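To start, the structure itself, in structure tokens.
The values are calculated or read from the model by the stated rules, or taken from the named source; none is laboratory data. If you're wondering where the values come from, they're calculated on a predicted model, not measured in any experiment. Backbone-built Cβ (ideal geometry, glycine too); neighbour counts: all protein chains shown.
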């Protein structure tokens, strides 16, 4: 813990098959043959837990995007994290799940089960999903607008919260003499009827160890930031520069205050993808070696998905027109956050198409850094101590080697500087993040009604 501020750095390991660099599977030392093996993910999670990381995190894309350029063995994330839960004891387990394609009751059951099976380690990364490929897999002809998706998302989170809270904490009495297992007066139907959802409730199980999973949000668009400030307890975000990250951080904390929330209970966790070597030159060579393994056709596909713009008409060594993605504008005023990240790269660095594809190959718009362990630790400390981050989503370019390098060589530096724990202080994800366990909204309402 930082002795001056009392803040604790949070670190997650973002799981992603062979690594976050799009060409990681082609590396001679990759473990691509194990991508569909559950024990592969369990081993990585145990490594992260041994280093006392806060959580492992899984993204999710409920569609195949028709490319043969990357491995495709994507497990359903809550099932995978449940398997990881049985192989670990303390590390948090964060899963993505879309409010566009689930229904609140089945999602509530999945996360409640994960939280109970893991002893209180579940986190829900709340996304709305703008992929039309995914939409068509769920009976939709097109993806709803940003406004409609976030309107449904807010109603969805409100309903899920009511379901998880519908049993008060002391509803289970297990009174053998009377025969009463549950005090039914402390179990509440929610009777929700809204624009998008209709759910009677109550939930069919008691509150889980954390009360409800940690609410996490990933997205920095205008709608995403408003949603996060109102609901999220941690935010996964992508920034390339300290100044952009600070502007986002300040905006989120200010918005959280406007909702009457404690800004210290809204963690901002940017992504960082580190190439680590003994010298800065060796780290750069490692970065360039990975970029030399990329397939431009795949990079162009990804660029279109992230930015909504095709650059296939350009030569790879042609400078990308500065107006290709519109004006970078302000990091705090954008309708599609990753497109704004790309626009900023164009305005700041004026890359060729090949250079742009390489910039995005390592982290899909997240901050890719290369350097010695001390240099990586310096970057993390600078962002943490200068109002840009409460921690990081660590995105190793190659698993397990560059996660091992981060854990074995960077984490000890952070610990020596008093920035990161040497032991877990608690058992739940809320404990790791320094978040309180929420009371049931029904308990709060009843206490208010009784004047307590």
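When the range 398-409 is filtered for residues that are assigned to a helix (DSSP H, G or I) and either under 21 Å from the mean Cα position of the chain (by Cα) or within 14 Å of residue 12 (Cβ to Cβ) (or both), the ones remaining, listed by number, are 402, 403, 404, 406, 407.
Taking the range 82-99 as the range and being in contact with a strand residue (DSSP E or B) (Cβ under 9 Å, 6 or more places away or on another chain) and either surrounded by fewer than 22 Cβ atoms within 10 Å (Cβ to Cβ) or free of Cβ contacts under 8 Å to residues at least 40 places away in the same chain (or both) as the test, the residues that pass are 82, 85, 88, 95, 96, 97, 98.
Scanning the range 258-295 for residues that are touching a residue at least 24 places away in the same chain (Cβ under 8 Å), loosely packed, with under 14 Cβ neighbours inside 10 Å and either touching a helix residue (DSSP H, G or I) at 6+ places or on another chain (Cβ under 7 Å) or over 23 Å from residue 19 (Cα atoms) (or both) yields 258, 259, 264, 280.
The single residue among 332, 316 that is outside any helix (DSSP H, G or I), surrounded by 14 or more Cβ atoms within 10 Å (Cβ to Cβ) and modelled with pLDDT of 90 or more turns out to be 316.
All conditions in (1) closer than 27 Å to residue 365 by Cβ; (2) out of contact with any strand residue (DSSP E or B) (no Cβ under 8 Å at 6 or more places or on another chain) hold for residue 20, with the sole exception of (2). No other residue among 375, 355 is on the phi < 0 side of the Ramachandran plot, without any contact (Cβ under 8 Å) to a residue 12 or more places away in the chain and in a helix (DSSP H, G or I) apart from 355. Of all residues in the range 131-148, those satisfying the criterion of being buried (at least 16 other Cβ atoms within 10 Å of the Cβ), touching a helix residue (DSSP H, G or I) at 6+ places or on another chain (Cβ under 8 Å) and free of Cβ contacts under 8 Å to residues at least 60 places away in the same chain are 143, 144.
Taking the range 155-242 and the strands (runs of 3 or more DSSP E) fully enclosed by it, the elements with 2 or more residues that are under 30 Å from residue 54 (Cα atoms) are at 214-218, 234-237.
Does residue 373 meet the test of being under 20 Å from the mean Cα position of the chain (by Cα) and within 17 Å of residue 286 (Cβ to Cβ)? When the stated conditions are applied, residue 373 does not pass them.
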